[in-house]
Amino acid sequence: MTDDNTIELILKSINIVDIVSSYIPLKKSGSNFKARCPFHDEKSASFMVSEKKQIYKCFGCGKAGNAITFVRDYEKISFYEALKKLAEKAGITLKNDESYKKKNTKRDLLYLMYKLAGDFFIDNLEKYGHNAKRYLEKRQIPLEIAKEFGIGYSLDSYSALKNYLLKNHISEDIFPKSGLFRVKDNNDTYDVFRDRLMFPIHSVTGNIVAFGGRALSQEQEKLGKYMNSPTTDIYIKGKELYGLHITRFEIGKKNSVFVSEGYLDFLRLYEKGIKNAVASLGTALTKEQINLLSRYTKNFFLLYDGDKAGITAAVRASSLIIQNSCVAKIILLPDNHDPDSYLMKYSIDDFMNLQQNALTLTKFVAQHSKIFGGQRQAIQLLLDVSPEIEDPIVRELFIKDISEAFQISEINLRKKIQKQYKKNESQTEQLPLSYKYEEERKLLKLMLKDTYLIKKVAEDLNESYFINDNLRYIYNFIVNISPNELSDNPALILEKIENDELKSELSQLFFEEEFFDEIDDLIRQVKLRKLQEELKEINEKLSKDIENSEYYEKKFFIKKEISKLSKSVVRKTIF
């Protein structure tokens, strides 16, 4: 079975709605489904999934594709790994074919680089990490735990990792895009992580995608106590959780998760036997991390410091968790304690007692209302959360909780939130339908819908009539592909386009179906637009060379053609 045939069989054997809804909640919207985009932060739902066409498109950030690209990008895995996951769901045996693996060579190379770097750092800790081992010993992190989570050491060198990767046949061309190196003015590269305790950050599937480095010397601490990997093709900050690749099974088993902020807080929890835990990598908990965790449990216990910053962070995280229709409870540690220091001083029984007394968001805010400026402001803070809760039952229960926590009638609360709730509910799908080259877009949409027209258009127009570069590429793509393929499987068509921008443009054309123009009129409009652009160019040339008779002759014939076409065009094109 050929590459394309296998991919087509897999795409036809699954339902993209089922696949996407296993990661994020979808809501029916006309003939499509919508959600808040998992690839960028947004308040309104602009992420659309078409069950009919088996494709998705975010009209906010532009991300688009089929079930394979969604799984690949959401889990940040290779094309082959995503294809394999979907093949298993469809009950299809996927051969270990090298042709599949060529689709994501850059991403796969980055995974290989990070695996090699992780191995290198582990080896360094064993052979040269005397100070790093002393630091672990001081923090009472057993070496067995460090080994389980792949903790290592980066040498105090500008080229140690660089030389190691070169010896392992990794091309230096990809070094600047890896996040492991910086580039000098002379384009030479050097190691980012030097003389640091290295914490590898794994994706949920177990691939190393980033590193966090803790400084071990005063010189390195001047550059920051912690240094973290930047965004790359395989890592986006705020979308991964430290330790989840190991603890996800225990989280599912216990049906709850403890969320801390730092590496050492997590390791202390794990070392003390609390293995249904993760760390948010030192940043505020994000919607993407909540979505990821919600695959394993709906019950979150948040571990935050007892100071004002900790309280504020706890409220923000709880709000996002509730909006995702999960349950959030806040464990507020005593002043001057984080999970690491608390568990070093107190017993597990003391910690479990804190868990028993964990508070819901409404009760927590009610008890700490002074921090938020008083009861009125505290109530408003909670009311602002309410319209963002998509599940209507969860929203109703939340309003009831506010009423009980503050002894305010539900009727008055509902009156207060009615306007913002209605505004939230009335938000509808917004498709950007107005473009400078709309006549080109409409022609392409008609060709995609009525594929028998492709031959007619190709006889009247060549690619030069399309001024927009992306639309010109798509036109060429359409006229050179089988009409049966176009009408039969849009999901497979998107798979044939590698460029993300073009994939996004084509998916939008698939989503936009309404138009009223006749094919002959659209062809004339495209021709007219091209002639108008040519006339503009001739006028610019004439302004610089007014005695050039050749330009005047060209201008005469162009204007003549414009005049002839303008009489027959039903609608004027947009300037």
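Laboratory data are not the source of any read-out in this text; all were calculated from the coordinates shown. Every value quoted in this text rests on a predicted model; they were computed, and no experiment measured them. No Cβ is skipped: glycine too gets one built from the backbone with ideal geometry, and neighbour counts run over all protein chains shown.
Can you sort 47, 372 by how many other beta carbons sit within 10 Å, fewest first?
372, 47
Using the alpha-carbon atoms, what tilt in degrees (0 to 90, nearest 10) does helix 3-13 show relative to the longest principal axis of the chain?
The helix 3-13 is inclined about 70 degrees to the chain.
Counting only DSSP beta bridges with both residues in the stretch 244-425, what percent are antiparallel, rounded to the nearest 5?
In the stretch 244-425, approximately 15 percent of DSSP beta bridges are antiparallel ones.
Counting only Cα, what are the radius of gyration and maximum Cα-Cα distance Dmax of the stretch 105-228, in Å?
Expressed in Å, the Cα Rg and Dmax of the stretch 105-228 come to 14.1, 43.
So for the chain, Kirkwood radius off the Cα pairs, Stokes-Einstein at 25 °C and 0.890 mPa s: how many µm² s⁻¹?
So the translational diffusion coefficient is about 89 µm²/s.
Any number yet on Rg/Rh for the stretch 244-425, C-alpha, Kirkwood?
Result for the stretch 244-425 is an Rg/Rh of 0.98.
If one takes the longest principal axis of the Cα atoms in the chain, at what angle in degrees, from 0 to 90 and to the nearest 10, does the Cα axis of helix 519-544 lie?
So the helix axis and the longest Cα principal axis differ by about 90 degrees.
Could you line up 61, 326, 37 from fewest to most neighbouring Cβ atoms inside 10 Å?
Least to most surrounded, the residues fall as 61, 326, 37.
Which order results if 360, 205, 69 are arranged by neighbouring Cβ count within 10 Å, fewest first?
Starting with the residue having the fewest Cβ neighbours, the order is 205, 360, 69.
Which three numbers, in whole Å and largest first, are the semi-axes of the equivalent ellipsoid of the stretch 241-296 derived from its Cα gyration tensor as √(5λ)?
Over the Cα atoms of the stretch 241-296, the semi-axes work out to 15, 15, 7 Å.
For the stretch 1-153, what mean projected area does the convex hull of the alpha carbons give, in nm²?
Averaging across all directions leaves 12.7 nm² for the Cα convex hull.
Using a simple charge model, +1 on the beta-carbon of Lys and Arg, -1 on the beta-carbon of Asp and Glu, nothing else, what dipole does the stretch 105-228 show about its Cα centre, in debye to the nearest 20?
240 debye
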